[in-house]
Each structure stands twice: as C-alpha cells, then as structure tokens.
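Working notes, structure below.
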Amino acid sequence: MRRRLDLWALLSAIGLLAACAVAAPLLPTEGPHEEYRLGAGDHLRIDVFGEPDLSGEYDIDSAGALALKLGGRVEAQGKTARALEQAIEHRLAEGYVKDPHVTVSVLTYRPFYILGEVQKPGPYPYVAGMTVAHAVAIAGGYTYRASKRSITVAHFGDPTAQQYAVGEASPVLPGDLIRVPERMF
C-alpha cells in the first residue's frame, strides 16, 4: 500500500510539474517580456510628473534616439523602459527640471517582418503574445509552396543576425524577421 501511495505522489508531482511547464508561457500575454529593449520604430508615451508641457508621445527614430522638447536628443536604442526613464530624468535634472520624475510606456511596438512563401509578405504591427502561426495568419496564410517545417526567425538587435529554426507555436517579438522558405517537392 505504501508503494502505491509513493508512486501516486511521484506521478502527481510529475503531473504538477508538467502542468506548470505548460501553463507558464515563454512570454507574458500582456506584452513582450519584462526586459524588452527599445528600438527604432517604437512609439512611446513619456510623462514628466508636474510638467505637462514636457509630457507627450514620441517615436524612436531610425538612429535609435528620441528628441525631447526641452532635453534634446536622448539615446533609446537597446535600453529598457526603466533605463530610458533614468536617462531622461538625468538629462532633465541638468538644469531644466528640479527633481524630475519620469515614466515611459510603450504605446506601439516596432513591426515584425515576414518574408517568403506567405500570401502578403511585408511588415506588420506587432501584437502582444504573438506566435509564428499568428504572424503567418496576419500575412494571409501560407502559399501552396511553403515549407512549414523550415521556418526561421532572426531577432531584432542580434549582432550575429543568426537565423533560428522555429515552429508555428514559437513566440514572435517586435522587430523579428520571419522567413518561410519554399519547399523542395
């Protein structure tokens, strides 16, 4: 009887671990992961507490910077929202605003790109929680020549520009380049 209980406890623990692994997504469904790095094409809302004239919506330009109304150009490329908040606070504290408090929110993420054997290749707006299957659906679906088993993704900001083999359930991040190749036969 004891053996049966131990086996049941072990199977329950394994089942619980498997359920946790399935229930924990690779990315939160609310938006890209917490360490999201800003880049060209992101549209931001910047609020400076007590300074409505300095608050507003900003786009990160192709050089990876944004131009503040009073603080000038601030480098945003590769920073997290929190790191950008600190950089803006530091810039504004240099004689513009006494003890500034800044919040940065990403309103619109940079687009993802899909190329190859899909009906409508090109750039598309990123949607939180997106997978490769969602991206293909947004691009009108596969062509009849598509190789669904050879899809690759290159991540934005990866200095090696490495292509990773992915499946339809793999997550897509803002700025990703998805390639759907042609099948051989």
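Neighbours of G41, meaning other residues whose beta-carbon lies under 10 angstrom from its beta-carbon, give a summed charge of -2 when Lys and Arg score +1 and Asp and Glu score -1.
The lysines whose alpha-carbon is closer than 27 Å to the alpha-carbon of K69, local same-chain residues fewer than 8 away aside, are K79, K98.
Backbone N atoms of segment 163-183 closer than 14 Å to the 7 Å Cα→Cβ label point of L115 belong to residues 163-164, 176-182. Normalised by the number of residues in segment 43-108, the average gap of Cα pairs under 8 Å and 6 or more apart makes the relative contact order 38 percent.
Modelled spin labels at Q162 and F49, positioned 7 Å past Cα toward Cβ, are 4.2 nm from each other. Rounded to two decimals, the Cα radius of gyration of segment 111-185 over 2.2 N^0.38 Å is 0.99.
Taking Lys and Arg as +1 and Asp and Glu as -1, the other residues whose beta-carbon sits under 12 Å from that of Y144 total +1.
Residues whose amide H falls under 5 Å from that of V180, counting only those 5 or more places apart or on a different chain, are L115, G116, E117, with hydrogens built in the peptide plane.
No lab work stands behind these numbers, since they all come straight from the coordinates. Not measured: the values here are computed from a predicted model. Ideal geometry is used to build each Cβ from the backbone, glycine not excepted, and the neighbour counts take in all protein chains shown.
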